[in-house]
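Enquirer: Input: one structure, supplied below.
Here, each number is a calculation from the coordinates, and none is a lab measurement. The structure displayed is predicted, hence computed values, not measured ones. Virtual Cβ from ideal backbone geometry, glycine too; neighbours counted across all protein chains shown.
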Amino acid sequence: MASFNLNLPVLQNWDCHNCGGCCKQHLIEITDVERNRIVNQGWTALDGIVQGKSVVEKMGGWFRRPRWRLAHQADGGCVFLDDRGLCRIHAKFGEAAKPLACRIYPFAFHPEGQTVAVSLRFSCPSVVKNLGRTMFQQQSEIRRLATSVVPQELEKGLAPQINPSERLGWQEFRWFVAALGETLSDTAVPLVVRLRRALHWTELVGQAKFHKLQGHRLREFLGLVQESAHADIPELPELDQEPTPLGRLYFRLLVAQYSRKDTSADLTTGLLGRWKLLQAIWKFSRGKGNIPPLQEAFRSVPFAALEMPYGPINGEQDEILTRYLRVKVQALHFCGAAYYDVPFVEGFQSLALVVPVTLWIARWLAAGSGRSGWTTEDIIKALSIADHHHGYSPALGQSAARRRVQMLADSGDLPRLVSWYLR
């Protein structure tokens, strides 16, 4: 493979703290080679493996090519997760013997020309809390992991589309990413203002035809749309309008998708599990009565209780949400091949929605504990729940989910949702 540069998230730290969360909430698909290696490792009861139970399980139907995943214990944890929250494969055979998916988590790698952008998954609590070494301190290890997954001839990959009709080269595309990062990093103004400004000028970009603009003229165009956003979005906006009933409906359905916990236990619930899921979707569609608890983290509380102000967010909470947005943007973890192959503008709209989704879930966690205001721990837990799905749940990449995001943007409900749930 040709050499490549790393684009590291400079404001993000991470180290594994052995919480075991990733081993309990993720289904780990493995290759045929990994499956054969693990089966032939000779696991016994002395290793803590229940006898009579396979350490790998088949995925998919009978008429498809076999796919495999690691088996899980009765409590949902990976079959190789021990009582200390450590991996039995790692302990017995070393880190290199683990499946590639386990070794990479929580990193994500996105090629951009001759560079590989490095992102992290905020489903890991240590990522959300920014605990551990800097990315620069881990460069050699990160490069080794990236080499395992980035494609050959990565420089041949095209930059994501800006909007459905416009595509630029990597250099020009990076100007749009840098402009977005600049808007989001201006912490002199509240997060709600930054998000609404970013949504404002990216919407203008989504409507524009600029394929004939090059060099300084394209940069001038970007400067003009950013200036327009600053002029049109006041620094201390009043809550102009509530989200519309239709906007709230689409938003609740989006929240329901982000709030689910799809583990091995969910794969074995059969018709009863599907019926309960349909009932939950119906309740989220109505938005009345009590919210069905979609996983053990939640309690059943009234939908209406989550429409009250729970904020505003404090400085620590602002830092967490701002860092999340900036890491995802810098690493292109919101569009193109890293996010269902959607264009820049649509991808950012979906990313911006993660903030009100997270704060809705934080309200849910707070209300379930009898509180009328969120804590930083509520937001940390809510963000780890939401980002578990963002970019990784097939449902969010389907046309129905994408249409909902587009409807929220076209109706003007997207910025209203940002203002409403940040209050």
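Enquirer: Where a ≥ b ≥ c are the square roots of the eigenvalues of the C-alpha gyration tensor, would you call segment 378-423 rounded, which needs a/c under 1.5, or, failing that, prolate if a/b is larger than b/c, or oblate? The partial results should precede the final answer.
Expert: Values: a/c = 4.48, a/b = 1.05, b/c = 4.25.
Oblate, because a/c is 1.5 or more while a/b does not exceed b/c.
Enquirer: In segment 159-423, if the dipole is taken from +1 on Lys/Arg beta carbons and -1 on Asp/Glu beta carbons about the Cα centre, which of 190, 334, 317 is farthest to the positive end?
Expert: 334
Enquirer: Then there's this: Picking from 206, 6, 30, whose Cα lies most toward the positive end of the charge dipole for the chain (charges on Cβ: Lys, Arg +1; Asp, Glu -1)?
Expert: 30
Enquirer: In whole angstrom, note down how far apart the Cα centers of segment 1-32 and segment 338-384 are.
Expert: Cα centroid to Cα centroid, the span is 21 Å.
Enquirer: In the chain, which Cys residues have no partner Cys with a Cβ closer than 4.7 Å?
Expert: Flagged as lacking a Cys partner: 16, 19, 22, 87, 102, 124, 335.
Enquirer: May I pose another question? Taking the Cα centre as origin and putting +1 on Lys and Arg beta-carbons and -1 on Asp and Glu beta-carbons, what dipole magnitude results for the chain, to the nearest 20 debye?
Expert: On the way: 50 positive and 40 negative charges, 255 e Å.
So the magnitude is around 1220 debye.
Enquirer: How would you order 207-213, 124-130, 288-294 from highest to lowest mean count of nearby Cβ atoms within 10 Å?
Expert: On the way: 207-213: 12.3, 124-130: 20.1, 288-294: 15.7.
Sorting 207-213, 124-130, 288-294 by mean packing, highest first, produces 124-130, 288-294, 207-213.
Enquirer: Follow-up question, since we're still on this one. Once you have a ≥ b ≥ c as the square roots of the Cα gyration tensor eigenvalues for segment 159-423, tell me rounded if a/c is under 1.5, and otherwise prolate or oblate according to whether a/b is larger than b/c. Write out the running numbers ahead of the final one.
Expert: Values: a/c = 2.03, a/b = 1.51, b/c = 1.34.
Prolate.
Enquirer: In addition: Placing +1 at every Lys and Arg Cβ and -1 at every Asp and Glu Cβ, with all other atoms neutral, what dipole size does segment 1-77 have around its Cα centre, in debye to the nearest 20?
Expert: Numbers: 9 positive and 7 negative charges, 78 e Å.
Using Cβ point charges on Lys, Arg, Asp and Glu, segment 1-77 gives about 380 debye.
Enquirer: Over segment 10-136, what is the relative contact order in percent, taking alpha-carbon pairs closer than 8 angstrom and at least six residues apart? Display every interim value, and only then the final one.
Expert: Values: 155 pairs, mean separation 44.5, N = 127.
Reported as a whole number, the value is 35 percent.
Enquirer: Identify, among 115, 125, 66, the residue whose Cα sits farthest towards the positive end of the charge dipole of the chain, taking +1 on the Cβ of Lys and Arg and -1 on the Cβ of Asp and Glu, with the dipole about the Cα centre.
Expert: Value: 66.
Enquirer: Please compute the net charge surrounding residue 289, taking Lys and Arg as +1 and Asp and Glu as -1 over other residues with Cβ under 13 Å from its Cβ. Let's see the in-between values first.
Expert: Values: positive: 252, 283, 286, 288; negative: none.
With Lys, Arg at +1 and Asp, Glu at -1, the net is +4.
Enquirer: Hey, got the dipole for segment 108-213? About the Cα centre, +1 on K and R Cβ, -1 on D and E Cβ, debye to the nearest 20? All intermediate terms of the calculation are to be shown ahead of the outcome.
Expert: Details: 13 positive and 9 negative charges, 44 e Å.
So the magnitude is around 220 debye.
Enquirer: Name the long-range amide H neighbours of residue 116: under 5 Å, sequence gap of 5 or more, or other chain; modelled H, no Pro or chain starts.
Expert: Amide H neighbours of residue 116, under 5 Å, 5+ apart: 5, 6, 7.
Enquirer: How much net charge surrounds residue 144 when only other residues with a Cβ under 15 Å from its Cβ are counted (Lys, Arg +1; Asp, Glu -1)? Can you show the working numbers first?
Expert: On the way: positive: 98, 103, 143; negative: 95, 141.
Residues near residue 144 contribute +1 overall.
Enquirer: What ranking do 46-55, 252-261, 131-140, 365-374 get when scored by the average of other Cβ atoms within 10 Å per residue, highest first?
Expert: Values: 46-55: 12.2, 252-261: 20.4, 131-140: 13.9, 365-374: 16.2.
Result, highest mean Cβ count within 10 Å first: 252-261, 365-374, 131-140, 46-55.
Enquirer: Over the chain, calculate the relative contact order: mean separation of alpha carbon pairs under 8 Å at least 6 apart, over the residue count, as a percent. Let's see the in-between values first.
Expert: Numbers: 584 pairs, mean separation 82.6, N = 423.
Normalised by residue count, the contact order of the chain is 20 percent.
Enquirer: Enumerate the amide H contacts of residue 342 below 5 Å, restricted to partners 5 or more residues apart or on another chain; note that Pro and chain-start residues carry no placed amide H.
Expert: 336
Enquirer: Using just the helices of the chain, give the 222 nm mean residue ellipticity in deg cm²/dmol: DSSP H runs with n ≥ 4 each add -39,500 (n - 2.57), and the total is spread over all residues, rounded to 500.
Expert: Values: 17 runs with 199 residues, N = 423.
Helix-only estimate at 222 nm: -14500 deg cm²/dmol.
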